[in-house]
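**Student:** Got a structure for you, questions after.
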Amino acid sequence: MFARLLGESFARNPRRKVLTAAALVIGMAVATATLTIALEVGDRLAREFRSLGANLLVTPESDTLPVEIGGVDYRPVDEGAYLNEADLGKLKTIFWRHNILGFTPFLDVPAYVSETGGATTLIGTWYKHEVPVPDGTKFETGASATHPWWKVQGRWFQDGADECVVGAGLAEKYPAAFAIGKTIHLTQNQVSGDGRPLVVTGIISTGDAEDNAVLLPLPVAQEISGHPGKFRQLFVSALTKPADALAERGERAQTDKNIQLTPTEYDRWFCSPYISSIGFQIRTVLPGTDVHAIRRVAETEGRILTRVGTLLWIVTLAALGAAALAIAATSATTVLERRAEIGVMKALGASNALVGGIFLAEQVLLAIAGGAIGFFVGAGLARFLGESVFGTPAAPRLILFPVVLALAAVIAMIGSLVPLRRAAHFRPAVILRGE
Amino acid sequence: MFWRLVFQLLRGSRGRLGVAILAIVSGAAVISALLNLDLGVQNKLTQEFRTLGANIVISPASGAPAQISGAEVPSLMPERDVLAALQQLPSAQVSAAAPYLYIVARAQNIRVVVAGTWPDQAQKLDATWKLEGNWVRSREDQSQCLVGRNVARRMQLALGNPLELHYMDRSAQCRVAGIVDAGGAEDNQVFASLSAVQSLANLPGQIGVAQLSVTGTAQIVADYAARLAAALPQYQVRPIRQVTEAEGALLGRIRLLIVSMVLLILILTALCVLGTMAALAMERRKDVGLMKSLGGSISRIVGIFLAEVGVLGAVGGLLGTILGAALAYWMGLRVFGTAISPRWEVFPATIALMIVVTLAGALPLRMLGNVKPAEILRGE
């Protein structure tokens, strides 16, 4: 009997059901889309933030004080400590190896250019270099990953070739010597005549100290400085999660003996991609180094990610609120419109519970159907939004499917409960008379 | 007569109107809150990005180079010229600015880079520094300095210790007021007041570079840099690409994200109000039938109902906008720590939108024009 009444109700007035279902579909589609985006936005934005470049700096632990002005180290080559280039593959063996998006070693060498007779700084680095990883694979990285804002007019030097890229400031000062295609000769000290010949392949403008330096492949710089296989600084670009209380504690526990993490806390800290835990893991595979977060980048990223995250959750909440409002309003209207029907049922002896049950069952059936359609529409919407905002579509989250269905059912039920309760107090005769 | 009818209609069906008013007010509140938020968020985020530090650098064009241990370093320029140019330009956008003079001095017989600057600006220019101790508050204070964490470690300096700096045959002394953790070159430097470093290096009135932190969109920063370059033709004024480019790209993404989500919610809310109003209008069929049988023309009847829902939309919209502005204010406090002040343009926009949506919702009534009153009154 109950099922027949329900079936009849759907068969007899499909137009009204379509309206309710449409509200459910649209409401749940928006809810699904905003939830999907909100769940994904942290990862996506963190990746976007890597356009700021490296967020970790690795230097030798027992180093002399670098004499560094504007990003160029002016120490002579025989002073201070060095790190081994051969160890760099180990960076891709740490627990969070997939979060290491790139790393670039730097070796600054004071030198002379024979053509101008002037002193300059050579910066040995990688642009696109294949690093052998201990597990047998190769990882391509270099300044292209850690310094994405570096722009070269002409082309970059080939990895390991006798080529170089000259800073825009130098090129402007000595246009004759540093034109693209010219060969320059570099020496360690002014006396020795011939020097190492390198072909200029491009002019770089970074808006920083590199504008007054010569960039060249790391092996060539190592050879000129007489430190084969060595470098001074390593810039690492890692995907991280904004720091929270645990991250702070984990970081402080490294230096402060008074702070001890419990084993669970330690595991949670180690297994979260905090900048401090990634730094700790890098130090484990590169002993004798000092790994430090570049606070300017790391802090800004953390702050903005946290804020945008909160903001999006508020917007998502607003979306859920708006969806609930739409559905509840439609459900309430359906019940109000069908007061005459309720009157007939009650006049024929139906109990309040039966009437309520029929209406609620109807709403729940509609909610499940509408919610399911809404989920798929919303997943498509999220895909489109992800594509247009971040360039890659947002993958649908199946975990949201039951959540969305349950949400739709609960909201539809709540929306019809209030008018149903009021309907329970109606006297059939009054309703049937049409008041 | 017309307005009395409208008023009577509004009073007569308070229960059902309650649902409609609720839908309109909450819809308008959501819309106005999100519009306020959307307009305010760019401003807030550009301020947040200022923790990235300086975004414009003024340096001498490649002139006569100074020498540090055999390598060329950028040359110097007079402090006065730069300050004069800065004072000419509007200062509202500049959140911090400081001159720098870098010299390589000796302390405890270790070579160390000493940056002469305005220590009071460092706090604003490098907001992400983790500082142990205190900032130096006055730029004239020659007795205090900040040291990088590596300097402090190498020289075993603690807070309050004296630090003796030697440059050629001159020397200067300062007290360590704070230890800087920056995660970069600053960790290896000593920060002292500009005048102290100038007299130590015997370079009175000279600076190496000036750094500025300018708040605003990429366009504002580029415009400011261009005007500064015009005021200082003999020097090089360049935006720091790492900061400006990344900031522009990131802001664009975040903005687009929020705008698209807000747009979705806007449409949903408008549809919700539309649906409620349509339902309300359909319930009015009986009134229409009655009026028609009493000789009212359909255009007049529809006019009355449109006025009714228009009033509803305006009143609900007004209440909602105020509520929404308060909501945005709270959101700003919650997310950014500073309130988002309501924009005046949101008020008319939201109210107009609500009126349009409610009127559109009442349009189905027009279809009643060809319906015979008797049929409606019979209840079909």
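The values are calculated or read from the model by the stated rules, or taken from the named source; none is laboratory data. Keep in mind that what you see is a predicted model, and the values were worked out from it rather than measured. Positions of Cβ are backbone-derived with ideal geometry, glycine not excepted, and every protein chain shown enters the neighbour counts.
**Student:** Is it the case that A:Thr121 is within 14 Å of chain B (Cβ to nearest Cβ), β-branched (Val, Ile, Thr) and part of a loop (DSSP other than H, G, I, E, B)? If you could, list the steps in order and put the result at the bottom.
**Tutor:** On the way: within 14 Å of chain B (Cβ to nearest Cβ): yes; β-branched (Val, Ile, Thr): yes; part of a loop (DSSP other than H, G, I, E, B): no.
Here the answer is no, as A:Thr121 does not meet what is asked.
**Student:** Would you mention how many residues in segment A:70-84 are out of contact with any Ser or Thr (no Cβ under 8 Å at 6 or more places or on another chain) and over 24 Å from B:Tyr100 (Cβ atoms)?
**Tutor:** Looking only at that region, the number is 3.
**Student:** Could you please give the count of residues in segment B:32-60 that are within 14 Å of B:Ala328 (Cα to Cα) and facing another protein chain (nearest Cβ under 9 Å)?
**Tutor:** 5
**Student:** Give me a count of the residues in segment B:143-182 that are within 9 Å of chain A (Cβ to nearest Cβ) and among the polar types (S, T, N, Q). Spell out how you get there, then give the answer.
**Tutor:** Our first condition is that a residue be within 9 Å of chain A (Cβ to nearest Cβ); within segment B:143-182, this holds for B:148-151, B:154-155, B:181-182.
Next, only the ones that are among the polar types (S, T, N, Q) stay: B:150.
So the answer is 1.
**Student:** Sticking with this structure for a sec: Restricting to segment A:146-173, count the residues that are facing chain B (nearest Cβ under 10 Å) and surrounded by fewer than 18 Cβ atoms within 10 Å (Cβ to Cβ).
**Tutor:** Number of matching residues: 2.
**Student:** A:Gly349: outside any helix (DSSP H, G or I) and farther than 27 Å from B:Ile258 by Cβ, yes or no? Steps first, answer last, please.
**Tutor:** Working: outside any helix (DSSP H, G or I): yes; farther than 27 Å from B:Ile258 by Cβ: yes.
Here the answer is yes, as A:Gly349 does meet what is asked.
**Student:** Which one is nearest to the other protein chains (Cβ to nearest Cβ), of the residues in segment B:66-80 that are under 20 Å from B:Pro204 (Cβ atoms), at pLDDT below 85 and not in a strand (DSSP E or B)?
**Tutor:** Ranking the qualifying residues of segment B:66-80, first place goes to B:Pro74.
**Student:** Among the residues of segment B:129-139, is there at least one that is aromatic (Phe, Trp, Tyr), surrounded by fewer than 23 Cβ atoms within 10 Å (Cβ to Cβ) and over 22 Å from B:Arg50 (Cβ atoms)?
**Tutor:** Of segment B:129-139, the ones aromatic (Phe, Trp, Tyr) are B:129, B:135.
Okay, now just the ones that are also surrounded by fewer than 23 Cβ atoms within 10 Å (Cβ to Cβ), so B:135.
Now drop any that are not over 22 Å from B:Arg50 (Cβ atoms), which leaves none.
No, segment B:129-139 contains no residue that is aromatic (Phe, Trp, Tyr), surrounded by fewer than 23 Cβ atoms within 10 Å (Cβ to Cβ) and over 22 Å from B:Arg50 (Cβ atoms).
**Student:** Out of segment A:11-61, which residues are over 25 Å from A:Ala372 (Cβ atoms) and among the hydroxyl-bearing types (Ser, Thr, Tyr)?
**Tutor:** Hits for segment A:11-61 are A:Ser51, A:Thr59.
**Student:** Another one. Return the total of residues in segment B:226-248 being under 23 Å from the mean Cα position of the chain (by Cα) and aliphatic (A, V, I, L, M).
**Tutor:** Residues in segment B:226-248 being under 23 Å from the mean Cα position of the chain (by Cα) and aliphatic (A, V, I, L, M): 4 in total.
**Student:** Could you list, in sequence order, the residues of segment A:358-398 that are among the β-branched types (Val, Ile, Thr) and within 11 Å of another protein chain (Cβ to nearest Cβ)?
**Tutor:** A:Val389
**Student:** Taking into account only those residues within segment A:302-331 that are without any contact (Cβ under 8 Å) to a residue 40 or more places away in the chain and under 16 Å from A:Val404 (Cβ atoms), which is nearest to the other protein chains (Cβ to nearest Cβ)?
**Tutor:** Here is the first cut: in segment A:302-331, the residues without any contact (Cβ under 8 Å) to a residue 40 or more places away in the chain are A:307, A:310-311, A:314, A:317-318, A:321, A:325.
Going one step further and asking which of them are under 16 Å from A:Val404 (Cβ atoms), we end up with A:317, A:321.
Numbers: A:Leu317: 10, A:Gly321: 7 Å.
Filtering segment A:302-331 for residues that are without any contact (Cβ under 8 Å) to a residue 40 or more places away in the chain and under 16 Å from A:Val404 (Cβ atoms), the one nearest to the other protein chains (Cβ to nearest Cβ) comes out as A:Gly321.
**Student:** Filter segment A:46-77 down to the residues that are more than 7 Å from chain B (Cβ to nearest Cβ) and closer than 30 Å to A:Ile314 by Cβ, then identify the one that is modelled with the highest pLDDT.
**Tutor:** A:Asn55
**Student:** If you don't mind, there's one more thing I want to ask. Can you tell me which residue within segment B:183-213, out of those that are assigned to a strand (DSSP E or B), polar (S, T, N, Q) and within 13 Å of B:Pro99 (Cα to Cα), is farthest from the other protein chains (Cβ to nearest Cβ)?
**Tutor:** Quick first cut of segment B:183-213, residues assigned to a strand (DSSP E or B) only: B:189-193, B:206-207, B:209-213.
Right, trim to polar (S, T, N, Q) and you get B:189, B:193, B:206, B:211, B:213.
Now drop any that are not within 13 Å of B:Pro99 (Cα to Cα), which leaves B:193, B:206, B:211, B:213.
On the way: B:Ser193: 18, B:Gln206: 15, B:Gln211: 11, B:Ser213: 12 Å.
By that ranking, first place goes to B:Ser193.
**Student:** May I ask you to list the residues in segment B:283-306 that are surrounded by fewer than 16 Cβ atoms within 10 Å (Cβ to Cβ) and over 22 Å from B:Gly317 (Cβ atoms)?
**Tutor:** B:Lys286, B:Leu290, B:Ser293, B:Leu294, B:Gly295, B:Ser297, B:Ser299, B:Arg300
**Student:** For the condition surrounded by fewer than 22 Cβ atoms within 10 Å (Cβ to Cβ), within 13 Å of chain B (Cβ to nearest Cβ) and assigned to a loop (DSSP other than H, G, I, E, B), what is the one hit in A:Gly181, A:Gly207?
**Tutor:** A:Gly207
**Student:** Which residues, counting only those in segment A:36-51, are more than 11 Å from A:Gly309 (Cβ to Cβ) and crowded, with 24+ Cβ neighbours inside 10 Å?
**Tutor:** Those that are more than 11 Å from A:Gly309 (Cβ to Cβ) and crowded, with 24+ Cβ neighbours inside 10 Å: A:Thr36, A:Ile37, A:Phe49.
Residues are listed down the side, and each one gets a yes or a no for (1) under 42 Å from the mean Cα position of the chain (by Cα); (2) not hydrophobic (A, V, I, L, M, F, W, C):
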| site | (1), (2) |
| --- | --- |
| A:Pro148 | yes, yes |
| A:Val152 | yes, no |
| A:Phe157 | yes, no |
| A:Cys164 | yes, no |
| A:Tyr174 | no, yes |
| A:Ile180 | yes, no |
| A:Thr183 | no, yes |
| A:Gln188 | no, yes |
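**Student:** Of the residues B:Leu264, B:Leu271, only one is facing chain A (nearest Cβ under 8 Å) and over 18 Å from A:Trp313 (Cα atoms); which? Write out each step before concluding.
**Tutor:** On the way: B:Leu264 fails: over 18 Å from A:Trp313 (Cα atoms).
Answer to the selection: B:Leu271.
**Student:** Let me ask something else. Among B:Val147, B:Val180, B:Val176, B:Val190, which is the only one that is touching a residue at least 60 places away in the same chain (Cβ under 8 Å) and under 38 Å from the mean Cα position of the chain (by Cα)? Write out each step before concluding.
**Tutor:** Numbers: B:Val147 fails: touching a residue at least 60 places away in the same chain (Cβ under 8 Å); B:Val180 fails: touching a residue at least 60 places away in the same chain (Cβ under 8 Å); B:Val176 fails: touching a residue at least 60 places away in the same chain (Cβ under 8 Å).
Criteria check complete, one pass: B:Val190.
**Student:** I'd like to verify a number: residues in segment A:129-141 that are outside any strand (DSSP E or B) and touching a Leu at 6+ places or on another chain (Cβ under 9 Å), how many? Walk me through how you get there before you give the answer.
**Tutor:** Going residue by residue through segment A:129-141, those that are outside any strand (DSSP E or B) are A:133-137.
Keeping just the survivors that are touching a Leu at 6+ places or on another chain (Cβ under 9 Å) gives A:133.
Matching residues across segment A:129-141 total 1.
**Student:** With respect to A:Phe235, is the statement that it is part of a strand (DSSP E or B) and modelled with pLDDT of 85 or more true? I'd like the intermediate steps shown before the answer.
**Tutor:** Working: part of a strand (DSSP E or B): yes; modelled with pLDDT of 85 or more: yes.
Taking the combined requirement at face value, the residue satisfies it.
**Student:** Moving on to the next point. Just need a number here: residues in segment B:311-341 that are over 13 Å from the mean Cα position of the chain (by Cα) and surrounded by fewer than 20 Cβ atoms within 10 Å (Cβ to Cβ).
**Tutor:** First, pick out the residues of segment B:311-341 that are over 13 Å from the mean Cα position of the chain (by Cα): B:311-331, B:334.
Filter again for surrounded by fewer than 20 Cβ atoms within 10 Å (Cβ to Cβ), leaving B:311, B:314-315, B:318-319, B:322-323, B:326, B:329-330, B:334.
Total satisfying the criteria: 11.
**Student:** Scan segment A:52-110 residue by residue and report those that are touching a residue at least 60 places away in the same chain (Cβ under 8 Å) and of a type in the set (Val, Ile, Thr).
**Tutor:** Once the filter is applied, which keeps residues that are touching a residue at least 60 places away in the same chain (Cβ under 8 Å) and of a type in the set (Val, Ile, Thr), segment A:52-110 yields A:Val58, A:Thr59, A:Ile69, A:Val72, A:Val77, A:Thr93, A:Ile94, A:Ile100, A:Thr104, A:Val109.
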